[in-house]
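K.L.:
Sharing a structure, written as structure tokens. Questions coming.
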2 protein chains.
Amino acid sequence: MSRKNIETRNRILESTWRLLEADPGNKVRMSDIAKEAGISRQAVYLHFPKRADLLVATTRYLDEVSDIDARLAASRAAKTGLERLDAFIEAWGNYIPEIYGVAKALLAMQDQDEAAYNAWQGRMQAVREGCEAAVNALDRDGRLTADLSKKEAIDLLWTMLSVRNWEQMRGECGWTQARYIEVTKAFARRALVVDEA
Amino acid sequence: MSRKNIETRNRILESTWRLLEADPGNKVRMSDIAKEAGISRQAVYLHFPKRADLLVATTRYLDEVSDIDARLAASRAAKTGLERLDAFIEAWGNYIPEIYGVAKALLAMQDQDEAAYNAWQGRMQAVREGCEAAVNALDRDGRLTADLSKKEAIDLLWTMLSVRNWEQMRGECGWTQARYIEVTKAFARRALVVDEA
DNA sequence: TGTCAACTTTACACGGTGTCAAGTTATAGC
DNA sequence: GCTATAACTTGACACCGTGTAAAGTTGACA
């Protein structure tokens, strides 16, 4: 497994992260990343043949560093469906800002690059599974609205929790992170949850 | 006003529309458009100096052709806030599929091109005004939820009605257009509307 | 007949990605 | 101590799409 020098590799990933974090809008080029990492542009290509590969690897790296699994554990541990819904929204909703820079870059490549598309799709699938688990838990408690099929409920929650929506609320609308979480939770309840029988 | 031959101009706009409509994902190049319009690539540049200009002009063209103003008239004519909310969601929600191709292209340029950014922002501002009017109407009727400030209510409705959300529901989730409208309406009510006093 | 506008043709600069090949350097194995 | 190799550097270049530039064609109109 030709992963060359792992230290260099990590420096590249760190640099990519830092640059995208600092400037999620502006286009970060391969040469920018190389400069930031203090190596030649070609060395970056030695580790990551395509730009998409680098972005994908960076998200995986962030997943490791941020230990997203541990964060989601709380939602899995929740007893009631409502608790699970809240915990999941909190875990994911607070993870978004940390991956936003990279996510935006990956999102922008989706239409041009197959690998980027699949990578993003995969991540979103994971989020969807979290939504599914929350909806299932609600359903078990008999608290899921009858207005939507289970699939529709998952679709709706999943859409609600999209990075784009977070971006719009926090960016264009100027909401605080705390308010975003708060309103999203309330919103999800109103949309999906029905009063106790 | 150097708008050259208006027939050619319209042919370019029509071609742009057709191509983007047919393939909203794939990148439509200036040369593709020229070929479709049966003219040289340079002739396109004679009418639209930048790609962004062309996309912006195409959205304006679509606005004219589709007569979006007339469609929104219904929501303006609504008596109650609830009616206004429904009518607006229906008008805008059903307009999205018609502009989706061009919208997606314009959206993709946002980060690179100032003009594209402003153009899209402007369109979204118009949508936001529709949201604002609906929220105001609800408020006048005393039916607006107390959980959100008026601005927050507008923000939320506006976000809910984003092209990205439509894209996700109809695309990834596979919803029908009718169901999208239906659920969005119900959803907006749950989020924003409170029972009569 | 000549002029002008609209368009064509050809060519090229630019920026960013990705490729190629030759050169350097540290280090590990013999 | 010599050499082979992995990791990286340097420099050049092809490719693609946008946008610019300039000279040539065509038809209409005056």
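K.L.:
Could you go through the range B:100-115 and let me know if any residue there is more than 16 Å from DNA strand D (Cβ to nearest atom) and either open to solvent by 10 Å² or more (accessible area, probe 1.4 Å) or under 12 Å from the mean Cα position of the chain (by Cα) (or both).
P.N.:
Quick first cut of the range B:100-115, residues more than 16 Å from DNA strand D (Cβ to nearest atom) only: B:100, B:103.
Subset that is either open to solvent by 10 Å² or more (accessible area, probe 1.4 Å) or under 12 Å from the mean Cα position of the chain (by Cα) (or both): B:100, B:103.
Within the range B:100-115, one or more residues are more than 16 Å from DNA strand D (Cβ to nearest atom) and either open to solvent by 10 Å² or more (accessible area, probe 1.4 Å) or under 12 Å from the mean Cα position of the chain (by Cα) (or both).
K.L.:
Residue under question is B:Asp32, and the condition is that it be away from DNA strand C (no atom under 13 Å from the Cβ), away from chain A (no Cβ under 14 Å), in a helix (DSSP H, G or I) and open to solvent by 70 Å² or more (accessible area, probe 1.4 Å); does it hold? Break it down stepwise before answering.
P.N.:
Values: away from DNA strand C (no atom under 13 Å from the Cβ): yes; away from chain A (no Cβ under 14 Å): yes; in a helix (DSSP H, G or I): yes; open to solvent by 70 Å² or more (accessible area, probe 1.4 Å): no.
When the stated conditions are applied, B:Asp32 does not pass them.
K.L.:
Now, a different point. Filter the range A:35-55 for residues that are open to solvent by less than 20 Å² (accessible area, probe 1.4 Å) and under 16 Å from A:Leu19 (Cα atoms) and give the result.
P.N.:
Those that are open to solvent by less than 20 Å² (accessible area, probe 1.4 Å) and under 16 Å from A:Leu19 (Cα atoms): A:Ala37, A:Val44, A:Ala52, A:Leu54, A:Leu55.
K.L.:
Can you tell me which condition A:Lys79 does not meet? The list is (1) under 30 Å from A:Arg18 (Cβ atoms); (2) modelled with pLDDT under 95, and all the others hold.
P.N.:
Checking A:Lys79 against (1) under 30 Å from A:Arg18 (Cβ atoms); (2) modelled with pLDDT under 95, the one that fails is (1).
K.L.:
Mind checking which residues of the range A:146-197 are polar (S, T, N, Q), closer than 23 Å to A:Glu21 by Cα and at the interface with another protein chain (Cβ under 9 Å from one of its Cβ atoms)? Lay out the reasoning, then the answer.
P.N.:
Going residue by residue through the range A:146-197, those that are polar (S, T, N, Q) are A:149, A:159, A:162, A:165, A:168, A:176-177, A:184.
Subset that is closer than 23 Å to A:Glu21 by Cα: A:162, A:165, A:168, A:176-177.
The answer is A:Ser162, A:Asn165, A:Gln168.
K.L.:
Enumerate the pairs (first residue in the range A:153-176 and free of Cβ contacts under 8 Å to residues at least 40 places away in the same chain; second residue anywhere and among the aromatic types (Phe, Trp, Tyr)) with beta-carbon separation below 6 Å, excluding pairs fewer than 6 apart on the same chain, so at least 6 apart or on different chains.
P.N.:
A:Met169/A:Trp175; A:Met169/A:Tyr180
K.L.:
How many residues does the range A:43-67 contain that are within 15 Å of DNA strand C (Cβ to nearest atom) and either in contact with a strand residue (DSSP E or B) (Cβ under 8 Å, 6 or more places away or on another chain) or closer than 24 Å to A:Glu114 by Cβ (or both)? Quick ask: steps written out before the conclusion?
P.N.:
Initially, the range A:43-67 is screened for residues within 15 Å of DNA strand C (Cβ to nearest atom), giving A:43-58.
Going one step further and asking which of them are either in contact with a strand residue (DSSP E or B) (Cβ under 8 Å, 6 or more places away or on another chain) or closer than 24 Å to A:Glu114 by Cβ (or both), we end up with A:44-58.
Count: 15.
K.L.:
Take the residues in the range B:90-99 that are open to solvent by 30 Å² or more (accessible area, probe 1.4 Å) and over 28 Å from A:Ala105 (Cα atoms); name whichever of them is nearest to the chain's Cα centre (by Cα). Let's see the steps before the verdict.
P.N.:
Keep residues of the range B:90-99 that are open to solvent by 30 Å² or more (accessible area, probe 1.4 Å), which gives B:90, B:94, B:97-98.
Imposing the further condition that a residue be over 28 Å from A:Ala105 (Cα atoms) reduces the set to B:90, B:94.
Numbers: B:Glu90: 12, B:Asn94: 9 Å.
Within the range B:90-99, the match that is nearest to the chain's Cα centre (by Cα) is B:Asn94.
K.L.:
Now, a different point. Take the conditions more than 20 Å from A:Trp158 (Cα to Cα), more than 16 Å from DNA strand D (Cβ to nearest atom), away from every other protein chain (no Cβ under 14 Å) and assigned to a helix (DSSP H, G or I) and apply them to A:Arg18. Does it pass?
P.N.:
On the way: more than 20 Å from A:Trp158 (Cα to Cα): yes; more than 16 Å from DNA strand D (Cβ to nearest atom): yes; away from every other protein chain (no Cβ under 14 Å): yes; assigned to a helix (DSSP H, G or I): yes.
Here the answer is yes, as A:Arg18 does meet what is asked.
The values are calculated or read from the model by the stated rules, or taken from the named source; none is laboratory data. Nothing here was measured: the structure is a model prediction, and the numbers come from that model. Cβ sites come from the backbone with ideal geometry, for glycine too, and all protein chains shown count toward neighbours. SASA here: full protein model, heavy atoms, side chains in, ligands and nucleic acids out. Shrake-Rupley method; radii C 1.70, N 1.55, O 1.52, S 1.80 Å.
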